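Below: one structure, written as structure tokens.
What follows draws every value from the coordinates through simple rules; no lab data is involved. Computed from a predicted model, the values in this text were never measured in an experiment. Note that each Cβ is placed from the backbone with ideal geometry, even for glycine, and that neighbours are counted across all protein chains shown.
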């Protein structure tokens, strides 16, 4: 008696049928695709009146908290897997109101703390941040976005691993931490104030770890 069953599952015909073999391979690849997509998925972290994203690649955000005040800064934890520049994308998630209440409005005053794990395999001897209102274009003096450029003697810029810093406002808004080192698999903490007196819905923070050149 012949036992009915699905022809496609025949163990005698499948190995000798190239078309079915190709379909089986395609099916296996389709099963693997969602796993790879999940592994590469970009996660957006929202806290206070802003969201933070690693969508431009090269690093991974692992946490975000705070509202952006001096007592409750925006804290971003990250992991950098290379010693090349990476860009943090920042968006407003609440209404924009200059000098409005922190956490309820994107008010243009953002006390920041960034904790960066060095997973690049190389020691960093400097670390630079750069603000951009338009991606890949310098933030000019008149756009209102800066590392607190109105304050000539800031007391809120600090790093756990670097003794000194320099600020540049023309033609870039840059903050360079220097005279220190971050060894591989160690975490460095950076604290600073970002101000934007003409708040925008989206802007960028470029992070550039420096390695010895000699």
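Brief remarks on what is shown
- Length added when fully stretched, residue 183-residue 60, from 0.36 nm per residue minus Cα-Cα: 42.4 nm
- Contour minus Cα-Cα distance for residue 160 and residue 191 (0.36 nm per residue): 10.3 nm
- Modelled this way, with points 7 Å down the Cα-to-C-beta line, the labels at residue 81 and residue 169 are 3.9 nm from one another.
- Cα-projected label distance for residue 71 with residue 45, points at 7 Å along beta-carbon direction, nm: 2.4
- Here each label is just a point 7 Å from Cα along the line to Cβ, and for residue 93 and residue 137 those points are 2.8 nm apart.
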